[in-house]
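Following: one structure in structure tokens, then a few remarks.
The values are calculated or read from the model by the stated rules, or taken from the named source; none is laboratory data. Quick caveat, the model's predicted, so the values are computed rather than measured. In this analysis, Cβ positions are derived from the backbone assuming ideal geometry, glycine residues included, and neighbour counts consider all displayed protein chains. Please note that ligands, DNA and RNA were not included when accessible areas were found on the heavy atoms of the full protein model with its side chains. Shrake-Rupley method; radii C 1.70, N 1.55, O 1.52, S 1.80 Å.
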Amino acid sequence: MKISSILKDERMSLSFEVFPPKQETSFESVRAAAEKIASLRPAFMSVTYGAGGGVSGYTVKIAKGIEEKYQVPTLAHLTCVSSTRETVARRIEEMKDAGIENVMALRGDLTPELLENGREGCDYRYAVELIRQLKESGANFCIGGACYPEVHPESPNQREDIAHLREKVEAGVDFLTTQMIFDNNLFYNFLYKLREAGVSVPVLPGIMPITNANQVERAIKLSGAFMPQRFKAMVDRFGSDDLAMRQAGIAYAADQIIDLFANGVTKVHVYSMNKPEVAEGILGCLSDILGKRFSA
Ligand code: FAD
């Protein structure tokens, strides 16, 4: 099922994200975690893709496994930053052959190696080029794109960032998912600016439940996200107690989601990583709000 159809349904629901294994030896454990999350019946699940492309095959394998076994629609991520057009064309064919309907089209991060080698042998500068290639492939994919309420780190300012985002939408993006946010006001302000700039596709806010203190540093490094004082206080107070931190992190994310729902947002994307217990914890906090949908 296309995610664009799911987004037309006005009922409140969540999507969950998993990432594929880096090595073959961890494939089974990742697949088991992804399937456990799928058994909770989210609106859809996204499966990320390594920017280097080294584990590329696993994205499609996990996505297809979830769809076939649990009938949960999936979104397969694809990055292009370190690739040639031929490699990406092959990936697109693999996706078509596997019956993938939804693709999250991303540039990928500029790793130190890419910056050092001057991106030699890489054919892409921006995600918009991948979006155009997907459109030209004739596969009629539903295409997602990434967006940044706090401005992408390489962008000089929000105005330019939104102008480039608009190019992605004009090239064929059907919906957008935000970088993780810990303060919903950033999302509301961003959405206002997008609508003002004529970007009218659905935008899913991305929520990352922080369930251990070590995750905080990684999350900030990855996203540059603003941490509100009450979030910092939570990590200060509970960060050294694993169970307490997990409970507090789940409650914080659930509270953000309730606020988004209360303000009219109907679809929220949860960066659940490969943690079924976190997905379950969030659904537990929202069981009556979401109704029976998740009673798998
Ligand atoms: P782009 O849209 O190309 O934007 C990158 C930068 O270039 C921005 O600053 C933009 O303003 C600027 N720009 C765009 N077009 C132009 C132009 N024509 N001229 C000048 N500047 C321009 N990474 C992974 O490796 N795997 C994943 O699975 C993955 N999933 C993600 C999912 C989400 C929801 C998000 C938010 C991020 C994800 N990422 C993933 C990280 C992503 O790859 C990085 O944030 C990357 O740095 C930017 O990717 P993008 O697709 O947003 O790039």
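Exactly which GluC sites (Glu not before Pro) in the range 105-139 are in a DSSP loop and have at most 16 other Cβ atoms within 10 Å?
Loop-located and lightly packed - Glu120.
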Per-residue [θ]222 nm for the chain (sum of -39500 (n - 2.57) over DSSP H runs n ≥ 4, rounded to 500): -14500 deg cm²/dmol
May I ask you to work out the translational diffusion coefficient for the chain at 4 °C, viscosity 1.567 mPa s, via Stokes-Einstein with Rh from the Kirkwood sum over Cα pairs, reported in whole µm²/s? 66
By how many nm would the segment from Lys69 to Glu217 grow when fully extended, if each residue of separation counts as 0.36 nm and the alpha-carbon distance is taken off? 49.7 nm
Name the most mobile residue of Gly145, Gly99, Gly249, meaning the one with the largest mean-square fluctuation, in a Gaussian network model of the chain with Cα contacts below 10 Å. Gly99
18 Å Cα-Cα reach of Lys193 towards lysines, excluding residues that sit fewer than 8 places from it in its own chain: Lys168
Which listed residue (Ser29, His152, Ala98) has the Cα farthest towards the positive end of the charge dipole for the chain, taking +1 on Lys and Arg C-beta and -1 on Asp and Glu C-beta about the Cα centre? Ala98
At 1.4 Å probe size, with no ligands or nucleic acids counted, give the accessible surface of Ser240 in Å², nearest ten. 120
Bin by bin, in steps of 10 Å, what percent of the Cα pairs in the range 42-131 do you find, going until the bin that has the longest distance? 17, 49, 25, 8, 1
Relative contact order of the range 179-296: what whole-number percent is it, with Cα pairs under 8 angstrom and at least 6 residues apart? 32
From Cα pairs below 8 angstrom and at least 6 apart in sequence, can you work out the relative contact order of the chain, rounded to a whole percent? 21
Can you give the relative contact order of the range 128-251 as a percent, counting alpha carbon pairs under 8 Å and 6+ residues apart? 24
Keeping every protein chain in place, order His152, His269 by accessible area at 1.4 Å, biggest value first, i.e. largest first. His152, His269
Could you compute how much accessible surface Phe190 exposes when probed at 1.4 Å, giving the result in Å² to the nearest 10? 10
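With charges set only on the Cβ (+1 for Lys and Arg, -1 for Asp and Glu), what does the dipole of the chain come to about its Cα centre, in debye to the nearest 20?
Working: 34 positive and 38 negative charges, 98 e Å.
The dipole magnitude comes to about 480 debye.
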